[in-house]
Structures are given as C-alpha cells and as structure tokens.
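Visitor: Have a look at this one.
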Amino acid sequence: MRKGSRIVLVLLLASIFAGDASAKGGPRNVTVRLAGGAAAKTIGAAGGSVSVGTSKATFTLAIPKDALTADVRITLTPVAGIGGLPFRRGLVGGVQLAPEGLRLNVPATLTIAARHKVAVALQTPVAWYARGKDFHLYPPHGD
C-alpha cells in the first residue's frame, strides 16, 4: 500500500458471509443495520488495536506503528443485519469502522474470528461505505 493511501475498503466495513459468491452485476446498495455495543479507542503513532465481540464473531482491528501521525478515535460497531444482502445463507458477522475515509501510512489488519466454523469455500468478504453504498465483493489477503 502506498504511503498516504486510503484504508482498504475492507477496513471501512468488513464482513464474512456464509453464502455463495453469486453477487453478480457489480456494486449495489444495501441497507446496513448497526447493533449496539460499539467499541472505541484512541490510537496514535505508536499503533494499537481495538476489538469488539458479538454472539457470532469477534473483530479486531490492529493498526501498526507509524500508520497514523496523530491520535485518532477508532470505532468498531457491530452490524445487526443487512437488507438486500445478495447471499442465500446470510450474515455470519460484520462491523462498521469509523472514522470513514481515514488514511493510513501503513496497512492495518482486520481479523474476524467467527464463533462457529465457516468453511473457507463459504466465506465471502465484502466491503461498502456509509451504511451500505457500493456493496461489492472484496478480495481477501489470505495466507
């Protein structure tokens, strides 16, 4: 990732879906319903992490040293549901990150740990901004 580049879309909101990758037709708009229980932490140049858990998954955003040049309040808000979701098997978990549009100097990592095993073949990472605009498949960076 280039210095000063935007947080990758999956960090704006990332989800794992137990479904199929049949979201054909390109980006679309969906309706994201946020749940309560947001977690927030101020992270600066030293880096840090913030986590939030739901009954379905735990989400941890790790921001490395020097990714930020000033203190920023980072918030993770669990997703309760998604209207217009183009997947048959539904949502396993999702989280909305803020502030939206934040630029990092070094890439951050969002780890999503589902409480119940989801076969890799059924995991479909997606991204969107705001509350469901430009919903699209997101290529994961796997091991």
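Visitor: Quick one: what pairs do we get from segment 42-70, first residue in contact (Cβ under 8 Å) with a residue 60 or more places away in the chain, second open to solvent by less than 60 Å² (accessible area, probe 1.4 Å) and in a strand (DSSP E or B), C-beta under 7 Å, 6+ apart or different chains?
Guide: Lys56/Val92; Lys56/Gly93; Lys56/Ala114
Visitor: Looking only at segment 87-136, count every residue that is open to solvent by 70 Å² or more (accessible area, probe 1.4 Å) and either among the aromatic types (Phe, Trp, Tyr) or not in a loop (DSSP other than H, G, I, E, B) (or both) and tell me the total.
Guide: 8
Visitor: Also: Please work out which residue is least open to solvent (accessible area, probe 1.4 Å), limiting yourself to segment 71-86 and to residues that are without any contact (Cβ under 8 Å) to a residue 40 or more places away in the chain and not β-branched (Val, Ile, Thr).
Guide: So, considering only residues that are without any contact (Cβ under 8 Å) to a residue 40 or more places away in the chain and not β-branched (Val, Ile, Thr), the one least open to solvent (accessible area, probe 1.4 Å) is Leu76.
Visitor: Consider Ser49 against the criteria (1) modelled with pLDDT under 90; (2) closer than 30 Å to Ala121 by Cα; (3) surrounded by fewer than 20 Cβ atoms within 10 Å (Cβ to Cβ): it satisfies all of them except one. Which criterion is unmet?
Guide: (1)
Visitor: Next question, about the same structure. Leu68 is checked against (1) more than 22 Å from Val32 (Cβ to Cβ); (2) open to solvent by 30 Å² or more (accessible area, probe 1.4 Å) and fails just one. What number does that condition carry?
Guide: (2)
The values are calculated or read from the model by the stated rules, or taken from the named source; none is laboratory data. Nothing here was measured: the structure is a model prediction, and the numbers come from that model. Reconstructed Cβ throughout: ideal geometry from the backbone, glycine too, with neighbour counts over all protein chains shown. Heavy atoms of the whole protein, side chains included, go into the accessibility calculation; ligands, DNA and RNA do not. Shrake-Rupley method; radii C 1.70, N 1.55, O 1.52, S 1.80 Å.
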